[in-house]
Amino acid sequence: PVLGGVPTQLGAMDLDLRLPAPSPPVAPLAATPSASSRPRILGQRLTAPLASMFPQDTHGFASACSRPARRDVPAGGGGSGRIGAVSLRRSLLTCPGRSRHLASIRVGSLLTAACLTLRQHRRRSAPSAARTGLHGYVARAAASSPAFALGASFGTLEDTRQLVQARGWPNDRSLPIRDFLHRQRHWLVDECSPVVFDVRSPVEFDAGHTPGAINLPLLTNDERETVGKTFRHDGPNSAFSLAIQQVYPNLAHMLQQAVEVCDATSDGRVPRRHVLVYCKRGGMRSQSMATFLTSHDFEVYTLSGGYKAFRTWAMEELQRPQKVCVVAGATGSGKTEVLQALRQQPGRQVVDLEALACHKGSVFGHLGEQPQPTSEHFRNLLACEWAELDPERFVFLEDEGPRIGEVCLPAPTYKCIRTAQLVVHLDVPFALRVDRSLATYGPYGADALSESVSCFRGRMGDQRTDELLRHLADGELRPVCEEALRNYDKSYEHHLRKNRNLDDIVAITVDTLDFAVVADAVETAAATRETLVSAESRDRAASADEGLAGGDLPCREALCHCGAVSIKTWGAPVSVSICHCSVCRKLSGAPFVASALFAPARVELRGGGSGGEAAALVETQTSPAVVRRRCAACYAPVCATLGSRYLAVPLSLFGGARDQEPLPSEWRPQHHLHYGMRVLDVEDGLPKYEGRVRGPMVD
């Protein structure tokens, strides 16, 4: 085999070297060289297996390496780069008559020293070979494999730099998000869907990506971090130069990866070459990769706006109105199995949140499941399913809390569950729930269950938890299961009725583990209510349209402290949050601030007098997207603009006064934000996000 592998880094360079077999073959050495006779490289002795693989003239390599120097050498076939240490990491050297040996050595020298040995070794086996150094061998290796040879436009680093800087990707090949997703599903070539490449770094990809995408990173995590620091300290030009130097040596390998992925997913048909590419914002990374793939016979479209456009689309989908039927029941009721049975019935819309979250919900929920996605990627998966739903028909969801394992539900989805038009409560006898739980979790064994039971210490105490662990050690699963269910039952009744209209809860008595029968009963209850809910939804929509023009939506009015500013709102808020961030605390002088979010069209600010004059306000911009407004007379906070989508009003203005009627349930706070910055603990049972909504939560 000829030399394989491509230099991947400047500075400390990792090389996977495969030397050609010498011809004629060299006989195996009679004995392993002694420690004193092994070649030295900068004072470090080679390992015995590796030293025995080199012919005796390898000492030329050792002596060359013992004269360290620094000079500029070609970097990736074009331009120049400073080469310091060279690391031959777990190099594979294959010679006839010898077994393969793996070794790891660190050589402190310049790259041309390695070329000396390669040339000598090459000279013995192929005297007529061109002696052009390491990069020449890489070029020939690529040329010998036409599928992975770089096109002429990318022949040198400078050519690649100019091509990328030109930003010549055509606009008609950059798709808006809905067209991009439609093409992902319906762009078939030889009955094959396109491959979607995410060219962001692995850490960005792991945090969240479009469902079905494959990571083809231009930069590693460390390289991305280095480029980012260079951008902040030295400016965009220096950052671009560093990035192109890091990317260029890997282009052949990335082309090979792209080809192999397309070949592997072609199902034995003609290999497909139609792909979709995106990066974070639809800028230089995706456009340069698209240009690169297009020049190598791929047909490519990119995503306008990149992954950020997909995230915006995902939130818009999750916020649109949808009729929801929640299947509720105490732990062990078989809600998941009922949803699976409903999915088998034609025409029924079902979203299995626990399947998307890879968790069954309880402390045992991780058993038998794949690792959970991040909350961000869970939202992406859910949005793609939500987008396929008919909003005028019920979608069946399982009753969930704000978290499933470590995954946080998106705020709009959790609100849909809590305000569902129909909640079907499965009333299952305790003994039946125990049998079903044992059948589900018993096969995982006492060791796995013991780890989960240990999580009960905070709820049951050490004494009771240790007793359950002893039962498990003795193989007595039933008493452990019964105690776990009783523990969950204590909080379930409150969860079922919290912030819900009791008229929307329908109970179904279940006395069987035949979940198809239970699914039929749930479907009957849903069919009875679905027609009524449809008419109700249309009436609400009409009221909303009228409300924007001063119609029948409930209107609430409040005044600032001095009465100089009047605030009117129509309808229910989109969300109500308690914020613990340092800005809210400093501006209010309180440990936290509760605010209600509205669409800007549903809030009106006027002067407090009868003439309807404009309100006199002072503004403070506390972040690029947040502008806070106060009364110019008393400096009481009256609202804050959050970008162009929302307007927040202080909840304290609308409740608590003797002459004000109590606020309805829709105005109650739904979660805490920036709870990680709190100065005061709050025990109210609400979800507590460490930072922004949908981020990590605080236990």
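Remarks
- Sub-7 Å Cβ pairs linking a first residue in the stretch 150-163 that is touching a residue at least 60 places away in the same chain (Cβ under 8 Å) and open to solvent by 20 Å² or more (accessible area, probe 1.4 Å) to a second residue that is polar (S, T, N, Q) and assigned to a helix (DSSP H, G or I), at least 6 apart or interchain, are Asp159/Ser153; Leu163/Ser153; Leu163/Thr291, ordered by first then second residue.
- Strands (runs of 3 or more DSSP E) fully within the stretch 592-652 that include at least 2 residues being more than 18 Å from Gly571 (Cβ to Cβ), open to solvent by 30 Å² or more (accessible area, probe 1.4 Å) and without any contact (Cβ under 8 Å) to a residue 12 or more places away in the chain: 617-623.
- Only listed residue being of a type outside the set (Lys, Arg), at pLDDT below 90 and open to solvent by 40 Å² or more (accessible area, probe 1.4 Å), chosen from Cys416, Cys455: Cys455
- Only listed residue being at pLDDT 90 or above and open to solvent by less than 40 Å² (accessible area, probe 1.4 Å), chosen from Thr220, Thr226, Thr210: Thr210
- When restricted to residues that are among the β-branched types (Val, Ile, Thr) and in contact with a Lys or Arg (Cβ under 8 Å, 6 or more places away or on another chain), the stretch 189-244 contains 5.
- Wholly enclosed strands (runs of 3 or more DSSP E) of the stretch 468-586 bearing at least 3 residues at pLDDT 80 or above and open to solvent by 50 Å² or more (accessible area, probe 1.4 Å): 555-559
- Filtered residues of the stretch 359-385 (kept if out of contact with any strand residue (DSSP E or B) (no Cβ under 8 Å at 6 or more places or on another chain) and not in a loop (DSSP other than H, G, I, E, B)): Glu376, His377, Arg379, Asn380, Leu381, Leu382, Ala383, Cys384, Glu385
- Yes/no for Met315 being open to solvent by less than 30 Å² (accessible area, probe 1.4 Å) and within 30 Å of Pro236 (Cβ to Cβ): yes
- For the stretch 263-270, the count of residues that are surrounded by 18 or more Cβ atoms within 10 Å (Cβ to Cβ) and either closer than 19 Å to Leu150 by Cβ or modelled with pLDDT of 90 or more (or both) is zero.
- Across the stretch 363-392, the number of residues qualifying as hydroxyl-bearing (Ser, Thr, Tyr) and crowded, with 19+ Cβ neighbours inside 10 Å comes to 1.
- Identity of the residue in the stretch 422-450, surrounded by 14 or more Cβ atoms within 10 Å (Cβ to Cβ) and more than 28 Å from Ala328 (Cβ to Cβ), that ends up nearest to the chain's Cα centre (by Cα): Ser450
The values are calculated or read from the model by the stated rules, or taken from the named source; none is laboratory data. All of these numbers come straight from a predicted model, not from anything done at the bench. Quick reminder, even Gly has a Cβ in these numbers, built from the backbone with ideal geometry, and neighbours come from all protein chains shown. To get the accessible areas, we keep the full protein, side chains included, count just its heavy atoms, and leave off ligands, DNA and RNA. Shrake-Rupley method; radii C 1.70, N 1.55, O 1.52, S 1.80 Å.
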